[in-house]
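The values are calculated or read from the model by the stated rules, or taken from the named source; none is laboratory data. The structure displayed is predicted, hence computed values, not measured ones. Counting neighbours? That spans all protein chains shown, and the Cβs are built from the backbone with ideal geometry, glycine included. To get the accessible areas, we keep the full protein, side chains included, count just its heavy atoms, and leave off ligands, DNA and RNA. Shrake-Rupley method; radii C 1.70, N 1.55, O 1.52, S 1.80 Å.
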Amino acid sequence: MTAPSASPGPVPPRGAEPQESPLTGGMAALANVGWQLLLTMGFATIALGVIALVWPGPTLRVIGLLFGVYLLATGVFQLAAAFGTHVPGRLRVLHFVTGAVSVLLGLVCFKGTLESLFLLALWIGFSWLVRGVLETVAAASDDTMPARGWHVAFGIISALAGIVMITMPFASIATLTLVVGVMAIVFGLTEVVRAIRTRVELGHLAAGTTTERRPLFHARPHAQH
């Protein structure tokens, strides 16, 4: 007599392929959308850089209007914060004054392009000047700061750039526009290259996944005689 062998359990159908898990499919779809978005942003950045270089005048006008919108929105939020219950009483006056000044400067920006560019140059210049002075003082007063010399150098350069922006606002803004246009083109090309490389890597991964197949014939234990 023959002894019945242990049941090997359910055998998968012949020719069945491994099913792709929902997580894997979702990650693949997300990666596909990611490289397409990266490519779109790269081309858009290149287009903005070209526009800034070819048409600097209209670009400056748009920048001035955007700066006016920024000041106006900042002022409205500051005024709203001045009447908030979470703000201490001593800070309400500061929020109200800064908000009112921001709204006033924002309205001045909408008056004309020259006014908006002048205010933008002063805003950038004073920001660079204050940041440069603070960074230089902090690096000079702290002997244990890593890369202390670089911080001092960057602080001095930032302060000098702020002074130039304040003393020659219109020439500095025009130069800054050219620099921004060139940097936008460089960044856009970098994003396009990254998107293409990501697409190529995804193609290699997909090809490696499809070439892995399960054997069509599965070994089954035979009955012992």
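Points to keep in mind about this one:
- Residue in the stretch 97-113 that is within 22 Å of Ile166 (Cα to Cα), modelled with pLDDT under 80 and of a type outside the set (Lys, Arg) present: yes
- Among residues of the stretch 145-167, those that are surrounded by fewer than 15 Cβ atoms within 10 Å (Cβ to Cβ) and under 26 Å from the mean Cα position of the chain (by Cα), counted: 2
- A Cβ distance below 9 Å, combined with a sequence gap of six or more or placement on separate chains, defines the contacts here; from the stretch 93-109, residues that are more than 12 Å from Val76 (Cβ to Cβ) reach residues that are among the β-branched types (Val, Ile, Thr) and at pLDDT 85 or above in the pairs Cys109/Val69.
- Residues being surrounded by fewer than 17 Cβ atoms within 10 Å (Cβ to Cβ) and of a type in the set (Phe, Trp, Tyr) - total across the stretch 32-59: 2
- Within the stretch 168-208, the set of residues being under 23 Å from Leu117 (Cβ atoms), open to solvent by 80 Å² or more (accessible area, probe 1.4 Å) and touching a Leu at 6+ places or on another chain (Cβ under 8 Å) comprises Phe170, Leu178.
- When residues of the stretch 61-82 are limited to those that are over 22 Å from the mean Cα position of the chain (by Cα) and either at pLDDT below 80 or of a type in the set (Val, Ile, Thr) (or both), the one least open to solvent (accessible area, probe 1.4 Å): Ala82
- Failed condition for Arg131, given (1) over 29 Å from Ile156 (Cβ atoms); (2) in contact (Cβ under 8 Å) with a residue 24 or more places away in the chain: (1)
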